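Below you'll find the structure, written out as structure tokens, and then a few comments.
The values are calculated or read from the model by the stated rules, or taken from the named source; none is laboratory data. Since the model is a prediction, treat every value here as computed from it, not as a measurement. Please note: Cβ atoms are built from the backbone with ideal geometry, for glycine as well, and neighbour counts cover all protein chains shown.
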């Protein structure tokens, strides 16, 4: 249905979620060693060895670092709710599909008994192939490309919505927002990154939008490279359509670039409707300050009213003051929650026993929006629900769906030239 680099979920060379203004600086600051064992405090008995693969360097370094915060918070919370500890083995995918593949193989050779990762669909697809070949369970934290769970894999599990699920909930939640505010756009211009995730979302929009009887038409679809350093032409082209609002699938860096261009070109659309990461990231909010207020993101999120959500949010606030809980933390944490829960029930690190236990998962005390965590025959949690969140004064509030909110939507958003 991200601070960082949510949401959603992806390609190979620079894929699932690359989000920007000082990408080089961020990358250098966050890069980590290729494979590092995270320090742990051992409890009685052997801990399950979990290889966590994330893009800790390269274009998605910021997102990988953000996802890892969810890893850091997991063991202390698990201890409090009676789950076994996990021994974390860290691997940097370097935002590269082939590196992700080789790191997965190395982790397994080094003794990893279960894999988690990798934020990006392209990298996750490569890891899934390795995991299936080696017979090692792989729990995907974030990656939305539908084909990953359509391969007949027996050791691959995804507790994250597919692009189609994200889109379906996005349309439903958009209509809820429009109904509550009493204002709906009649036209939008659709801008999207041209990576694996962005392309999957673009295809999904064309296929699914007619089913939802949306109040707007798409004036034009504009794709762009998520590594672009100048999006002035794209924004100028979008502005020329005369559309009421922007429908976007972005990453962090390009979301920042797009916003700056909207301000520079003095265009204040009714609002920004994002169906992916970028616009809700902490780095976006901090970089743009008041200019970052207003965008709505329709993404995989958390239910702020759930008990475990409050625990996770409190733990994040204590360890990382000023960081907003987001998609990256939530779904990385839940991937490890799935691993710990399965290990406790299987009472074994045997790959087949673990995979069987994951297949029987039924976690109702969780964080993400929806009834809980379980997997269908394809290894997909198909009961997940997404949320609508809005940037508000440097914070993120949840405005849909009903029953999982903590604020009312502000729509249309305040024009850029009216902000002080």
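Here are the numbers:
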read-out: Unique match (being assigned by TED's automatic domain parsing to the domain that holds residue 361, farther than 21 Å from residue 327 by Cβ and surrounded by fewer than 20 Cβ atoms within 10 Å (Cβ to Cβ)) among 105, 94; value: 105
read-out: Verdict on residue 293 being surrounded by fewer than 20 Cβ atoms within 10 Å (Cβ to Cβ) and either farther than 23 Å from residue 72 by Cα or in contact with a strand residue (DSSP E or B) (Cβ under 7 Å, 6 or more places away or on another chain) (or both); value: yes
read-out: Counted residues, segment 49-78 - those being modelled with pLDDT under 95, part of a helix (DSSP H, G or I) and surrounded by fewer than 24 Cβ atoms within 10 Å (Cβ to Cβ); value: 1
read-out: Residue 233 vs. criteria over 18 Å from residue 416 (Cα atoms) and surrounded by fewer than 17 Cβ atoms within 10 Å (Cβ to Cβ); value: yes
read-out: When residues of segment 383-400 are limited to those that are assigned to a loop (DSSP other than H, G, I, E, B) and within 16 Å of the chain's Cα centre (by Cα), the one nearest to residue 172 (Cα to Cα); value: 385
read-out: Subset of segment 212-222 (residues that are buried (at least 16 other Cβ atoms within 10 Å of the Cβ) and more than 20 Å from residue 411 (Cβ to Cβ)); value: 222
read-out: Single match in 317, 370, 403 (criterion: in a loop (DSSP other than H, G, I, E, B) and in the same structural domain as residue 72 (by TED's automatic domain parsing)); value: 370
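One line per residue, one yes/no per condition, for (1) closer than 19 Å to residue 250 by Cα; (2) in contact with a strand residue (DSSP E or B) (Cβ under 7 Å, 6 or more places away or on another chain); (3) in a helix (DSSP H, G or I):
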{"site": "169", "(1), (2), (3)": "yes, yes, yes"}
{"site": "183", "(1), (2), (3)": "no, no, no"}
{"site": "207", "(1), (2), (3)": "no, no, yes"}
{"site": "219", "(1), (2), (3)": "yes, yes, no"}
{"site": "230", "(1), (2), (3)": "yes, no, no"}
{"site": "234", "(1), (2), (3)": "yes, yes, yes"}
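Okay, residues lined up against (1) under 17 Å from residue 164 (Cβ atoms); (2) in a helix (DSSP H, G or I); (3) not assigned by TED's automatic domain parsing to the domain that holds residue 326:
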{"residue": "197", "(1), (2), (3)": "yes, yes, yes"}
{"residue": "243", "(1), (2), (3)": "no, no, yes"}
{"residue": "256", "(1), (2), (3)": "no, yes, yes"}
{"residue": "270", "(1), (2), (3)": "no, no, yes"}
{"residue": "286", "(1), (2), (3)": "no, yes, yes"}
{"residue": "291", "(1), (2), (3)": "no, yes, yes"}
{"residue": "294", "(1), (2), (3)": "no, no, yes"}
